[in-house]
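Note sheet for the following structure.
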Amino acid sequence: MNLFVEGFIKAYQLIFAGAPSVLAPLLLTIQVTGTAILITVLLGLPIGMMLGLKNFRGKQTLVTVVNSAMGLPPVVVGLFVSLVLWRSGILGSLGIMYTPTAIVLAETIISLPLVIGLTFSAVQGLDVKLNWQILALGASKFQLYKKILFETKIAVAAALIAGFGSIISEVGAAMMVGGNIEGQTRVLTTAIVLETRKGNFDVAIALSLILLSIALLINVLLTKTQRQGANLGGGRAWI
Amino acid sequence: MSLVLALVLFATILAGCNAKTTKRESLILATTTSLYDSGLLSKILPDFTKETGIKVKTIAVGTGEALKMGQNGDADVLLVHSPEKEKEMIAKGYIAKRTPFMHNFFIIVGPKKDPAGVKNAASAEEAFRKISKADATFVSRGDNSGTNNREVKIWENSTTKVTGNYVKTGQGMGMTLQVANEKGVYTLTDEATFLSLKDKIKNLTVLLSNKKALKNTYSVLQLNERKVKFKKDLANKFQDWLLLKKTLKKISKFGKAKYGKALFIIN
């Protein structure tokens, strides 16, 4: 019990003092997770929507692949990305191993299937007659997609929350492809592992509190957007 | 509200991008977790970067992985402490030069009660024999690290079966010590890690510190350019700097103030 109390006290001291051992991982986590989720959204939303709207040969296989990929263990992604990015690997000459770019790459791979899969199921769930109606009213393809995104706002927001949650909390891939290098690739999760390993439980708790706060903050904001979407969508009931 | 969030997010990402574009020469140093966790590298490496402008990416893994990284050219220079495995690598042609430069000692730690009577052992091998005889629990790193290699060697030399209660953590020295501390059992550790964690592992006490035989030697390894593709110039600059008198002097002072005893002794 003493450890907890000591930890919390030290945590407050560190946070308010702006200690670099705590601020640097915080900043990097935001940058890396933010970039990864941005790429995931730009790629995942269109792909998920197209999967949901179009029918083509091999669609069922692709859907199965995406669904399976949602359960990809992050540490496995880390290992495979390492094998590719190591100097001895195919893309070794790029020299991005042990850089934040490598972490962004791994995290994008982890969150992409989630966003694609959940967007796909959201769009798939729409009544196809709605699409016909929109098209019948003279909408272009682009306008159709915009409208569908609007209709599925709640579910898409849920996809983003899931995608974001999967990467801000993951440690295996970030550790492997980033190397947990001080001041370069040390994010909140890998910093927590290191400080715990060194027995600096107070610092580890401080980092954990910060991580939890960020996750909470982002999710509160995303959930708020989700609610706004519900209200704008013609007063659809908030269940 | 979400617009504000998006703007803040963009700002931070942009800030990150700017930082990434400043290109500096960098080299990858593969080292062991026990050396890294002692804090020595965090203390001395900034000097190297200041003097040469070369960034050092320190990857702390087990000796086994570090040696493998060297073999594959995924690291430019190695700092390890497993003499036998290092000599194997030299024989295979991957290492051009091995320079042992500092050492400390392995010690056997365990519960004050000491049910196996390790305190009275004359050597590490005898201590292990006693632990095996008493069927006492022994925690091993089990991760092919320098410390693990030495531990396995002692078991071999003790010509006794490993104790019935043998626990493998597969983790670094710090974690392994914490596990041993929680369970109140025996383990082999390097003195530096033990000292740096002393107040957190109050359940454990030093039971055997037989100086000569448990010497723990750290070496810097230079890869062989004929077999491995790596950043030779940067690696040489690093090795030259590491072996400078002033760097070694700084290393020899490390830990004195905090632990009352230097964690590493220069050869």
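A short reminder: the numbers here are calculations on the coordinates, not readings from a lab. Model, not experiment: these values are computed from the prediction. Neighbour counts run over all protein chains shown; Cβ positions are idealised from the backbone, glycine included.
Miscellaneous remarks
- Our compactness index for chain A, the C-alpha radius of gyration over the empirical 2.2 N^0.38 Å, is 1.18.
- Reachable lysines from A:Lys147, criterion Cα separation under 21 angstrom, eight or more residues apart if same chain: A:Lys54, A:Lys129, A:Lys224
- Against chain A, whose longest principal axis comes from its Cα atoms, helix A:59-70 is set at around 20 degrees.
- Degrees, to the nearest 10: A:141-151 long Cα axis against longest axis of chain A: 60
- For chain A, the longest site-free run once trypsin sites (Lys or Arg not before Pro) in DSSP loop states with at most 14 other Cβ atoms within 10 Å are removed: A:58-235
- Note on A:Ser68/A:Leu126: beta-carbon distance plugged into 1/(1 + (r/R0)^6) with R0 of 22 Å gives a FRET efficiency of 0.35.
- Estimated from helical segments only, the mean residue ellipticity of chain A at 222 nm is -25000 deg cm²/dmol, where each DSSP H run of four or more residues counts as -39500 (n - 2.57).
- A Cα-only calculation for the stretch B:103-206 places Rg and Dmax at 12.2, 35 Å.
- The tail of the calculated P(r) for the protein assembly as shown, taken as Cα-Cα distances beyond 33 Å, holds 49 percent of the pairs.
- Qualifying aspartates and glutamates (Cα of each under 15 Å from Cα of B:Lys215; at least 8 residues distant if same chain): B:Glu84, B:Glu125, B:Glu151, B:Asp190, B:Glu191
- Residues of the stretch B:42-72 with an amide N closer than 19 Å to a point placed 7 Å from the Cα of B:Asn267 along the Cα-to-Cβ direction: B:63-64, B:67.
- Dipole of chain A, positive direction: furthest Cα of A:Ile218, A:Leu23, A:Gln133, with charges on the beta-carbon: A:Gln133
- When the pairs B:Lys212/B:Lys253; B:Lys119/B:Lys212; B:Lys133/B:Lys183; B:Lys133/B:Lys212 are compared against a 23 Å limit on Cα-Cα distance, B:Lys133/B:Lys212 fall above it.
- Its alpha carbons considered, chain B gives a radius of gyration followed by a Dmax of 21.0, 71 Å.
- Along chain B, the exposed loop sites are GluC sites (Glu not before Pro) outside DSSP states H, G, I, E and B with at most 13 other Cβ atoms within 10 Å, and the longest stretch free of them is B:26-224.
- Each of B:Tyr166 and B:Lys92 was given a label point 7 Å from its Cα along the Cα-to-Cβ line. The distance between the two points is 2.3 nm.
- Label separation (A:Val75 vs A:Arg227): 3.8 nm, computed from points 7 Å beyond Cα along the C-beta direction.
- Potential lengthening between A:Phe56 and A:Ser93 on full extension [0.36 nm per residue; Cα-Cα distance subtracted]: 9.6 nm
- A Cβ-based charge dipole, computed about the Cα centre of the protein assembly as shown with Lys and Arg at +1 and Asp and Glu at -1, lands at about 720 debye.
- Label-point gap, in nm, between B:Lys229 and A:Glu6 - each point 7 angstrom along Cα→Cβ: 5.0
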